[in-house]
Amino acid sequence: MQIKGSGALVAGGASGLGEATVRRLHGAGARVVIADLNEDLGQALASDLGADAEFMRVDVCDPDGVQAAVSAATAQQWCLRICVSCAGIGWAERVAGRSGPHDLEAFEKVLRVNLIGTFNVLRLAAAAMHSSEPTASGERGVCVNTASIAAFEGQIGQIAYSASKGGIAGMTLPAARDLAGAGIRVCTIAPGTFDTPLLTALPPETRDALAEAIPFPRRLGRPEEFAALAAHIVENEMLNGEVIRLDGALRMAPR
């Protein structure tokens with residue numbers, strides 16, 4: 001799939017991995033709709049990029065809001081060909097402890113935003129792609145979702161986050177199989193420890209310890225590296241139904 005001339009939707013695109021992906025796709029010639037709840041950051045990013053970048057305040061769990069963003073990505077002469085889902089939240093709590101059982105509402109919220117939100121974006125973007133004209137090779141679109149290595153090696157206190165990201169990883173192959181007949185590819189990136197706004201607030205010594213745990217390169221991942229992989233998935237027609245770890249060979253310890 002060619003990035004240049006394609007319409008793209010990036011959910012959670014106002015900061016972190018999503019922002020880097022927006023910049024990468026826009027720089028390669030796509031028209032990008034930035035869907036995010038953070039209006040200040042989203043508007044600033046769209047303004048910085050200028051033409052062919054549009055921000056929309058969207059809750060990924062809201063069908064109407066996501067549908068509006070999908071429609072915006074198919075406006076005028078543009079056709080939605082690329083969808084990248086980066087929106088997500090975290091929560092740290094053990095299954096049970098001295099204070100009692102894990103908060104059920106918190107567990108439900110993490111799954112709703114991370115897993116159901118990702119599925120909501122995927123289903124609506126794929127439906128729009130399904131009704132579009134295929135390219136010369138028969139392709140209609142590419143959907144890239146974001147899991148985490150916590151899907152496979154969740155740490156202590158990551159039960160909700162790991163469950164949500166494990167669900168995203170588990171959706172990848174059946175989604176790719178469901179959509180293969182329409183020429184729509186689905187892949188998932190499972191990042192390790194990346195230098196995103198979530199880690200910015202941590203003390204320097206904590207950030208250094210996280211970096212030291214990565215075999216090589218011994219540093220935090222850069223959002224631009226995530227964006228580069230997302231762009232490669234879009235352009236490499238043989239990548240489909242795959243969950244790709246992007247972690248510098250990191251395997252998470254229990255804590």
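We did not get these values from a lab; they are worked out from the coordinates using the rules stated. All figures in this text were calculated on a predicted structure; none of them were measured in a lab. Virtual Cβ from ideal backbone geometry, glycine too; neighbours counted across all protein chains shown.
Odds and ends about this structure:
- Expected-Rg normalisation [2.2 N^0.38 Å, Cα atoms] applied to the stretch 27-94: 1.22
- Kirkwood hydrodynamic radius over Cα pairs of the chain, then Stokes diffusion coefficient at 10 °C and 1.306 mPa s, in µm²/s: 87 µm²/s
- Packing-based ranking of 204-213, 23-32, 238-247 yields 23-32, 238-247, 204-213, ordered from highest to lowest mean Cβ neighbour count within 10 Å.
- Residue ranges 98-105, 162-169 sort as 162-169, 98-105 when ordered by packing (mean number of other C-beta atoms within 10 Å per residue, highest first).
- Under 5 Å, built H, 5+ apart or other chain: amide partners of Phe194: Gly221
- Put simply, the amide H of Asn145, placed in the peptide plane, has neighbours under 5 Å in Ser85, Cys187, Thr188, Ile189, leaving out anything fewer than 5 places away on its chain.
- Percentage relative contact order, the chain, counting C-alpha pairs under 8 Å, at least six apart: 21 percent
- Residue by residue, the stretch 83-88 carries 3J(HN,Hα) couplings of 9, 10, 9, 10, 5, x Hz when phi is fed to the Karplus relation 6.51 cos²θ - 1.76 cosθ + 1.60 (θ = phi - 60°); x denotes Gly or Pro.
- Between 0 and 90 degrees, the angle of helix 159-179 with respect to the longest Cα principal axis of the chain falls at about 30 degrees.
- For the stretch 1-141, fraction of C-alpha pairs farther apart than 20 Å, in %: 47 percent
- Net charge of neighbours whose Cβ lies under 15 Å from the Cβ of Met238, counting Lys and Arg as +1 and Asp and Glu as -1: -3
- Potential lengthening of the chain between Gln67 and Arg219 amounts to 50.9 nm, from the contour at 0.36 nm per residue minus the alpha-carbon distance.
- Counting only the Cα atoms, the stretch 95-199 fills a convex hull of 121 Å³ per residue.
- 12 Å beta-carbon shell around Val22, net charge (K/R +1, D/E -1): -3
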